[in-house]
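One structure below.
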Amino acid sequence: MSLSLIQITMEEITDPEELARLRVQWEQAERNSAWLQAHVPEIYTRHRGKFIAVAGEELFVADTPEEVHALAQAAHPEDHGSLSRYIYPQKMARVYAHQWRMAAL
C-alpha cells in the first residue's frame with residue numbers, strides 16, 4: 001500500500017457534553033486498568049489461552065472476544081471504559097518496538 005493512499009483526519013472536540021462523556025469513559029478505563037494491574041499475576045497464571053475483560057473493576061473470562069465482551073457489557077452496561085486482552089497460552093518474552101531497517105556499513 002502506498003503511503004499516499006492513507007488519509008488521516010483530526011478533529012478537535014469542544015462540545016462540553018461530549019468532553020464530559022469522554023472524561024467519564026477515561027476515568028472508568030483508568031480504574032479498570034488499575035484493578036487489572038493489581039491482579040495481573042493471578043489472572044495471567046489462571047486464564048492462559050482465554051480472553052479476559054475488566055469492567056466495573058470486575059474480571060470476565062471467555063473463549064472468544066465476543067463472549068467476554070457480552071459478559072462484561074451485561075454485568076456493567078454503564079461502564080464504557082472496559083478493557084480486554086487475550087492471554088497467550090505460553091508465557092513468553094515479547095518485544096514491542098518499531099523495527100527499523102539498518103543500512104549496512
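Tabulated data
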| item | result |
| --- | --- |
| Proportion of all alpha-carbon pairs of the range 35-82 beyond 13 Å (%) | 52 |
| For peptides 33-40, 54-61, sequence by mean Cβ density within 10 Å, most packed first | 54-61, 33-40 |
| Given [x] 14.5; [y] 16.7; [z] 14.1, the label whose value is Kirkwood radius over Cα pairs in Å derived from this model | [y] |
| Net charge, residue 78 excluded, C-beta distance under 14 Å - Lys, Arg +1, Asp, Glu -1 | -2 |
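Values quoted throughout were computed directly from the atomic coordinates according to the rules given, and no laboratory measurement underlies them. This is a predicted model, so every value here is computed, not measured. Counting neighbours? That spans all protein chains shown, and the Cβs are built from the backbone with ideal geometry, glycine included.
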